[in-house]
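Peer 1: Quick one: the structure is below, questions incoming.
The values are calculated or read from the model by the stated rules, or taken from the named source; none is laboratory data. Computed from a predicted structure; not experimentally measured. Using ideal geometry, Cβ is built from the backbone for each residue, glycine included, and neighbour counts are taken over all protein chains shown. For accessibility, only protein heavy atoms count, side chains too; no ligands or nucleic acids. Shrake-Rupley method; radii C 1.70, N 1.55, O 1.52, S 1.80 Å.
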Amino acid sequence: MSLITYLTRIHFADRVLEDALSAEMERHGLRHLLVISDRDAAHGDGLDRLFAALPCQTRTASHFAGDIAPDLDLARALELLEQEGCDGIIGFGGLAALNLARTAASDRVPVITIPTCTDTVGLGPIDPGLSARPGRKAALPVAILCDATLTTSADPEATAAAGMDTLCQCLECFLGTAFNPPADGMALDGLRRAALSLETAVQDGRDLSARRELLAAALNAGLASEKGHGGIAAAAHGLEAIARSRRGILHGALLPEVLAFNAPAVHDRLGLVRMVLGLPADADPGERLVALAQRIGLPRRLSDIGIEEHMLSRAAQGAAADPANRTNPRHATGRDYERIMRAVL
């Protein structure tokens with residue numbers, strides 16, 4: 001079993017759920033847990049494995065995340081936490097569960113995150129709808145259990161969306177202009193792993209090696225996110241708030257236009273992007289990554305998932321106000337985002 005002690009305690013190994021969960025609970029004195037899961041946790045035997053791995057005296061309460069508005073979801077989770085007197089939280093699943101678990105946690109009630117998808121491991125920025133709640137901010141998990149065997153039940157669409165989300169997080173973290181060499185290194189390594197393994201993981205969900213590489217890329221993305229994200233994330237957040245689409249579905253469509261918009265500010269960094277992607281010096285990284293997105297079944301146009309022209313102005317204003325836009329390599333206005341979105345409608 002591999003233990004990484006960077007920012008927090010990160011266990012990364014196959015079947016680490018059974019190996020490390022009880023030890024981490026004992027380490028933090030946890031006896032009564034609120035288990036927050038979501039639709040990404042509902043496939044396969046992951047939840048059965050989770051409850052089987054809990055010490056026999058553990059009491060649990062459960063909350064399913066993602067079916068209602070984020071602020072109401074958080075209010076219900078906090079109410080359940082108080083009613084049940086829970087002393088800890090487990091976030092088990094994908095983005096919805098892990099984000100909600102981190103936001104419901106506090107210094108008094110710690111959180112352990114266990115990803116079953118590869119869009120997040122429980123690090124980095126969270127949903128703006130949660131982070132905007134007064135007095136709440138995302139807690140750093142006291143432990144993260146990265147077990148690739150929990151991710152093999154994700155269907156091809158979920159795998160494609162989560163993997164492209166992770167890939168773009170790594171790309172945008174690296175291209176950001178803030179000076180953070182450690183984050184740059186982690187982002188480049190995550191970009192390389194995601195680009196090499198994503199197509200295989202989508203084609204064969206039981207390929208554990210590919211799943212493990214995607215999970216490692218998600219870990220890199222989370223660690224590197226201290227540097228910030230960029231315009232792809234901001235534009236996607238604006239559109240997802242209207243279309244209610246899965247995170248990552250739109251990234252392939254948005255990538256080339258956002259990359260072209262940012263090119264004047266990042267041209268000196270694109271050489272390293274080409275190097276880790278194994279591209280020749282004259283290749284366009286955006287074209288290659290869009291081709292990958294199309295091969296794994298992600299939409300090429302926003303209209304492919306029902307986004308219409310009248311939605312763009314509102315989505316663009318949301319993108320301009322999104323925290324990810326603050327760290328985009330070039331300042332982007334609502335008008336800039338509307339032009340980007342219109343180009344790939």
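Peer 1: Over the stretch 14-141, what is the relative contact order in whole percent, taking alpha-carbon pairs under 8 Å and six or more residues apart?
Peer 2: Relative CO of the stretch 14-141 lands at 25 percent.
Peer 1: Another one. Any idea what the relative contact order of the stretch 1-72 is, in percent, if you count C-alpha pairs under 8 Å spaced at least 6 apart?
Peer 2: Once divided by the residue count of the stretch 1-72, the mean separation gives 32 percent.
Peer 1: What whole-number distance in Å separates the alpha-carbon centres of the stretch 177-200 and the stretch 139-174?
Peer 2: 13 Å
Peer 1: Next up: So for the chain, averaging the separation of alpha carbon pairs under 8 Å that are six or more residues apart and normalising by length, what relative contact order in percent results? Kindly include the intermediate steps, with their values, before the conclusion.
Peer 2: Values: 695 pairs, mean separation 51.5, N = 345.
The normalised contact order for the chain reaches 15 percent.
Peer 1: Quick check for you: with a 1.4 Å probe and neighbouring chains kept, what is the accessible area per residue of the stretch 103-201, in Å²?
Peer 2: 32 Å²
Peer 1: Roughly how large, in nm² to one decimal, is the mean projection of the convex hull of the alpha-carbon atoms in the stretch 223-339? Walk me through the numbers on the way to the answer.
Peer 2: Working: hull surface 30.0 nm².
Average projection, Cα convex hull of the stretch 223-339: 7.5 nm².
Peer 1: Let me ask another. With a 1.4 Å probe and all protein chains left in place, how much of the accessible area of the stretch 147-205 comes from carbon and sulfur atoms, in whole percent?
Peer 2: 54 percent
Peer 1: Can you give the angle from 0 to 90° between the axis of helix 334-343 and the longest principal axis of the chain, with both taken from C-alpha atoms, to the nearest 10?
Peer 2: Long axis of 334-343 versus the principal axis of the chain: about 80 degrees.
Peer 1: Quick one: check the C-alpha center-to-center distance for the stretch 242-282 versus the stretch 36-75, whole angstrom.
Peer 2: Answer, in whole Å: 34.
Peer 1: Output needed for the stretch 65-200: three equivalent-ellipsoid semi-axes, defined as square roots of 5 times the C-alpha gyration tensor eigenvalues, in descending order, whole Å.
Peer 2: Numbers: eigenvalues 151, 63, 37 Å².
Equivalent ellipsoid of the stretch 65-200: 27, 18, 14 Å, largest first.
Peer 1: Cα axis of helix 181-203 to longest principal axis of the chain: angle in degrees, 0 to 90, nearest 10?
Peer 2: Here the helix axis deviates by roughly 90 degrees.
Peer 1: A further question follows. In what sequence, highest mean first, do 226-238, 196-208 appear when ranked by Cβ atoms within 10 angstrom?
Peer 2: Working: 226-238: 27.0, 196-208: 18.2.
The peptides rank, most packed first, as 226-238, 196-208.
Peer 1: Same structure, new question: By how many degrees, between 0 and 90 and to the nearest 10, does the Cα long axis of helix 208-224 differ from the longest principal axis of the chain?
Peer 2: 80 degrees
Peer 1: If Rh is defined by the Kirkwood formula over all Cα pairs and Rg also comes from Cα, what ratio Rg/Rh do you get for the chain?
Peer 2: Radius of gyration over Kirkwood radius for the chain works out to 0.96.
Peer 1: Here's a follow-up. Order these peptides, 53-60, 93-100, by their mean beta-carbon neighbour count within 10 angstrom, highest first.
Peer 2: Sorting 53-60, 93-100 by mean packing, highest first, produces 93-100, 53-60.
Peer 1: Moving to a separate point now. Dipole magnitude of the chain about its Cα centre, charges +1 at Lys/Arg Cβ and -1 at Asp/Glu Cβ only, in debye to the nearest 20?
Peer 2: Dipole size: approximately 540 debye.
Peer 1: Counting Lys and Arg as +1 and Asp and Glu as -1, each charge on the Cβ, what is the dipole of the stretch 38-124 about the Cα centre in debye, to the nearest 20?
Peer 2: Numbers: 6 positive and 13 negative charges, 40 e Å.
Computed charge dipole of the stretch 38-124: roughly 200 debye.
Peer 1: Name the residue from Gly94, Ala69, Ala283 whose Cα lies farthest towards the positive end of the charge dipole of the chain, charges +1 on Cβ of Lys and Arg and -1 on Cβ of Asp and Glu.
Peer 2: It is Ala283, whose Cα lies furthest towards the positive end.
Peer 1: From largest accessible area down, sort Tyr6, Tyr337; use a 1.4 Å probe on the protein chains. Spell out each step's value before the answer.
Peer 2: Details: Tyr6 100, Tyr337 5 Å².
If we order Tyr6, Tyr337 from most to least accessible, we get Tyr6, Tyr337.
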